[in-house]
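Enquirer: Structure in structure tokens, see below.
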Protein chains: 2
Amino acid sequence: MNKAVILLSGGLDSSTALAWAVQKKGWECYSVAFDYGQRHHVELEAAARVAASLNITEHRVLHVNLAAIGGSALTSEIAVPKDQETTHGIPLTYVPARNLIFLSIATGLAERIKAFRLVIGANIIDYSGYPDCRPEFFDAFCKAAQLGTRAGIEGQPFSIETPLIEMKKSEIIALGLSLGLDYGLTHSCYDPTPNGDPCGHCDSCRFRRQGFAELGKEDPLSYPD
Amino acid sequence: MNKAVILLSGGLDSSTALAWAVQKKGWECYSVAFDYGQRHHVELEAAARVAASLNITEHRVLHVNLAAIGGSALTSEIAVPKDQETTHGIPLTYVPARNLIFLSIATGLAERIKAFRLVIGANIIDYSGYPDCRPEFFDAFCKAAQLGTRAGIEGQPFSIETPLIEMKKSEIIALGLSLGLDYGLTHSCYDPTPNGDPCGHCDSCRFRRQGFAELGKEDPLSYPD
């Protein structure tokens, strides 16, 4: 069984994870983007562009309204922090249980298409603040998904692949470039301008710009300054 | 902390679980119904009626489009089985990863409102066929939710309550009646008529009717025969 379901936001990490799954692993890839009421809804266009640029089997957008729950700068009126020093604790951009929810819905799709492997582009930088990017969470989720689906009843092993979990941004970008990924198609900003351009100052823009700078490569996206 | 988030479909089991949480446990109850593209969409009206009849804090409907995934008689064109002998294996009405998805979204809400307890009305009859009604699944899910949320980072214990897990339908009905629950407000049918009446012949109707019969009580709902 060579199928994989990949969570694809259209950002730098998930796009690299998809390129890895397609080109490095040769899996039959089904990518999933989530329309969840996010402030940076424009990322869905980036996800579609990235999916179209790679040799995947299918890309789909699934809907779950997390804005109805709120509690995050990404799904409510809470302002996205800009130019902040890295803080300890959970960032304001944390969306309650988001990876738990996205992985669960992806598990439903995986079960439907008889795939037994999920891929998520979580990595060490998110890991520092988001509880749902920790390896121990992914291990626990995998056990729950195994037991809560047909796979569990039928004794089919189910896995979660986190290829970027221990990589820095610059390493992730180097991997993507080595696989021919066009980062000009991606979108990372949490708080884009009305016409979809990146703000350049949220955590996501800052980590991305720093990654390109560390690697000595130019980010194909343009920033306001 | 006395708060609980209760998954409420408007069916017999979840309505009884809610009555138990409100009246027996005295918890501050937040009920959640899911609009997920189900064939028996009318159950959402029953959920609202049941919630309104009990002393709860808040009832809300959350959206997640599982019909876009399909693979079940409840979310696709697959016909709902009628008057079938109980079969082994997973029923056609199983929705891929449904409890995993619903519990995950409920976990997001729980985290948002600082509740650390979910209640689900799963029971032994479902348990016989649905992988996501098994106690071992709930245990595994609880660990994943603990690790994937703020609760985990902050060391707050998180629990899943399954008060009906080992009860037969007749015992569940007896519990609900003892708590004053009006089963005339509930809706159990997987495949209602266009005006919302129960079919009387799907598994859910059959288990319900059998439960009332075993208990020697009359079901307040009327059936076509």
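The values are calculated or read from the model by the stated rules, or taken from the named source; none is laboratory data. Small disclaimer: the values here were computed from a predicted structure and weren't measured. Neighbour counts run over all protein chains shown; Cβ positions are idealised from the backbone, glycine included.
Enquirer: Any idea how many residues of the range B:129-146 are part of a helix (DSSP H, G or I) and within 7 Å of chain A (Cβ to nearest Cβ)?
Expert: Result for the range B:129-146: 9.
Enquirer: Looking at the range B:145-159, is at least one residue without any contact (Cβ under 8 Å) to a residue 60 or more places away in the chain and either under 23 Å from B:GLY70 (Cβ atoms) or among the hydroxyl-bearing types (Ser, Thr, Tyr) (or both)?
Expert: Yes, some residue in the range B:145-159 is without any contact (Cβ under 8 Å) to a residue 60 or more places away in the chain and either under 23 Å from B:GLY70 (Cβ atoms) or among the hydroxyl-bearing types (Ser, Thr, Tyr) (or both).
Enquirer: I've got another one for you. Surrounded by 23 or more Cβ atoms within 10 Å (Cβ to Cβ), on the phi < 0 side of the Ramachandran plot and either away from every other protein chain (no Cβ under 14 Å) or more than 19 Å from the chain's Cα centre (by Cα) (or both): does that describe A:CYS189?
Expert: yes
Enquirer: Here's something else I'd like to know. I'm trying to understand the selection: among the residues of the range B:8-60, which are of a type in the set (D, E, K, R), over 13 Å from B:PRO163 (Cα atoms) and touching a strand residue (DSSP E or B) at 6+ places or on another chain (Cβ under 9 Å)?
Expert: B:GLU28, B:ASP35, B:GLU43, B:GLU58, B:ARG60
Enquirer: Continuing with this model, one more query. So which residues in the range B:36-59 are crowded, with 16+ Cβ neighbours inside 10 Å and closer than 22 Å to A:ILE105 by Cα?
Expert: Hits for the range B:36-59 are B:TYR36, B:GLY37, B:GLN38, B:ARG39, B:HIS40, B:GLU43, B:LEU44.
Enquirer: Then there's this: Is one or more of the residues making up the range B:3-25 among the hydroxyl-bearing types (Ser, Thr, Tyr), surrounded by 17 or more Cβ atoms within 10 Å (Cβ to Cβ), within 14 Å of chain A (Cβ to nearest Cβ) and more than 30 Å from A:ILE113 (Cβ to Cβ)?
Expert: no
Enquirer: Hey, can you tell me all the residues within the range B:205-225 that are acidic (Asp, Glu) and either assigned to a helix (DSSP H, G or I) or surrounded by 14 or more Cβ atoms within 10 Å (Cβ to Cβ) (or both)?
Expert: Once the filter is applied, which keeps residues that are acidic (Asp, Glu) and either assigned to a helix (DSSP H, G or I) or surrounded by 14 or more Cβ atoms within 10 Å (Cβ to Cβ) (or both), the range B:205-225 yields B:GLU214, B:ASP219.
Enquirer: Identify, by number, the condition in (1) crowded, with 24+ Cβ neighbours inside 10 Å; (2) assigned to a loop (DSSP other than H, G, I, E, B); (3) within 11 Å of chain B (Cβ to nearest Cβ) that A:GLY121 doesn't meet.
Expert: (3)
Enquirer: Confirm whether A:LYS143 is among the charged types (D, E, K, R), out of contact with any His (no Cβ under 6 Å at 6 or more places or on another chain) and modelled with pLDDT of 95 or more.
Expert: So A:LYS143 fits the description; yes.
Enquirer: Just wondering, is there one or more residues in the range B:174-181 that are buried (at least 19 other Cβ atoms within 10 Å of the Cβ), within 14 Å of chain A (Cβ to nearest Cβ) and in a loop (DSSP other than H, G, I, E, B)?
Expert: no
Enquirer: Quick check on the range A:60-89: of everything there that is among the β-branched types (Val, Ile, Thr) and either within 24 Å of A:LEU221 (Cβ to Cβ) or under 18 Å from the mean Cα position of the chain (by Cα) (or both), which residue is surrounded by the fewest Cβ atoms within 10 Å (Cβ to Cβ)?
Expert: A:THR86
Enquirer: Scan the range A:120-161 for residues that are touching a Lys or Arg at 6+ places or on another chain (Cβ under 7 Å) and of a type in the set (D, E, K, R) and jot them down.
Expert: Answer for the range A:120-161, where residues must be touching a Lys or Arg at 6+ places or on another chain (Cβ under 7 Å) and of a type in the set (D, E, K, R): A:ASP132, A:GLU161.
Enquirer: Could you figure out which of (1) basic (Lys, Arg); (2) surrounded by 22 or more Cβ atoms within 10 Å (Cβ to Cβ); (3) under 30 Å from A:LEU92 (Cβ atoms) isn't true of B:ARG98?
Expert: For B:ARG98, the exception is condition (3).
Enquirer: Would the range A:95-116 turn up any residue that is away from chain B (no Cβ under 14 Å) and touching an Asp or Glu at 6+ places or on another chain (Cβ under 8 Å)?
Expert: So far as the range A:95-116 goes, no, none of its residues is away from chain B (no Cβ under 14 Å) and touching an Asp or Glu at 6+ places or on another chain (Cβ under 8 Å).
Enquirer: Moving on to the next point. How many residues does the range A:147-165 contain that are in a helix (DSSP H, G or I) and facing another protein chain (nearest Cβ under 8 Å)?
Expert: 4
Enquirer: Hey, can you tell me all the residues within the range A:38-80 that are over 22 Å from B:ILE113 (Cα atoms) and assigned to a loop (DSSP other than H, G, I, E, B)?
Expert: The answer is A:HIS40, A:HIS41, A:VAL42, A:LEU54, A:ASN55, A:ILE56, A:THR57.
Enquirer: Criterion first (in contact with a His (Cβ under 7 Å, 6 or more places away or on another chain) and within 21 Å of B:CYS189 (Cα to Cα)) does B:ASP132 satisfy it?
Expert: no
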